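This report refers to the structure that appears directly beneath it.
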Amino acid sequence: MIGAEPASLPFKSSPVPGGVAVIALPGQGAAPRATYRGEPVLVRRSARGWQAVVGIPLSAKPGREAIEVGGQAVSFTIKPKRYPEQRITLKDQRKVTPNAEDEARIAREQALMAPAWKAWPEGLVPSLRFHQPTPGGLTSSFGLRRIFNGEPRAPHAGLDIKAPAGQAVRAPAAGVVVLTGDFFFSGNAVFLAHGEGVVSLFAHLSKVTVKQGQLVQPGDLLGEVGMTGRATGPHLHWSLSLNNARVDPRLFL
């Protein structure tokens, strides 16, 4: 078993789109099985009993929601949150409006990425306490409503860390490499599964130094900062996902 179950979570419940809801679960026996929107959810024991740690997608609407626990619904409330807007100018218009060939490539890549986002390697227990994967300041925060060349696009589902090309990118926590590749938007990228549905994506790398199936420990080298894919300059894009929902990585730092 890799990683150790923490005595407490490193963050408070933040039940907003792109946040993490911590929900008390009924029962004191064996760990219950919980799901949210059909996806298995990470469960942790606290001093008061079991609790579900639920990633909330950016697309979620404020209001009442529920997780399923042993055939019963356990409700919680998603609170509203408005993220700021970011306008970006790209020289390559194809990165804004892909052509038919690009669209076919993107569809193939999304099919490859889908199981990586859902990875749940047996025996891995995520610590939920992460280190920043490369030094540098944040240039684009999570959740930004992005406008490329005047055209609205999907919100920013990760953190951008400004860093020079070639700077080392290291594993922020233990995990197993579940996918690497050169993707249309993400460029050279690494998917690292930390266990129990917690998955990181490291994108725009100039070099990837790990292989699929490789086990890594905190601080192990994953690759180097670059500007491959849809990028305007050297930086690291880091996405973090729980139960197949992209959430703000800053909650875990």
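The values are calculated or read from the model by the stated rules, or taken from the named source; none is laboratory data. This structure is a prediction, so every number in the text was calculated from the model and none was measured. Note: accessible area is taken over every heavy atom of the protein model, side chains too, but ligands, DNA and RNA are not part of it. Shrake-Rupley method; radii C 1.70, N 1.55, O 1.52, S 1.80 Å.
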**Request:** Report, to the nearest 10°, how far helix 100-117 tilts away from the longest principal axis of the Cα atoms in the chain, using its own Cα long axis and a range of 0 to 90°.
**Result:** 30
**Request:** Under 21 Å between C-alpha atoms is the cut-off here; go through the chain and count lysine pairs that meet it, provided they're at least eight residues apart or on different chains.
**Result:** 10
**Asked** What whole-number value in Å² describes the accessible area per residue of segment 135-246 for a 1.4 Å probe?
**Response** 34
**Request:** Using θ = phi - 60° and the Karplus relation 6.51 cos²θ - 1.76 cosθ + 1.60, list the HN-Hα couplings for segment 230-244 in order, rounded to whole Hz, with x at every Gly or Pro.
**Result:** 8, 8, 9, x, x, 5, 10, 9, 10, 9, 10, 10, 10, 6, 6
**Request:** Scan (i) 1.05; (ii) 1.17; (iii) 1.01 for the value of Cα Rg over 2.2 N^0.38 Å calculated from this model and give just the label.
**Result:** (iii)
**Prompt:** Considering only protein heavy atoms and a 1.4 Å probe, what is the carbon-and-sulfur percentage of the accessible area of the chain?
**Reply:** 53
**Asked** Build a GNM of the chain with springs between Cα atoms under 10 Å: which of Leu222, Leu236, Leu112 gets the top mean-square fluctuation?
**Response** Leu112
**Fill in**
Taking placed amide H atoms and a strict 5 Å upper bound, the residues 5 or more places from Gly219 or on another chain that come that close are Ala171, Ala173
**Request:** Please list the non-local residues whose amide H lies under 5 Å from the amide H of Gly158, H modeled 1.01 Å from N, same-chain partners needing a gap of 5 or more.
**Result:** Gly143
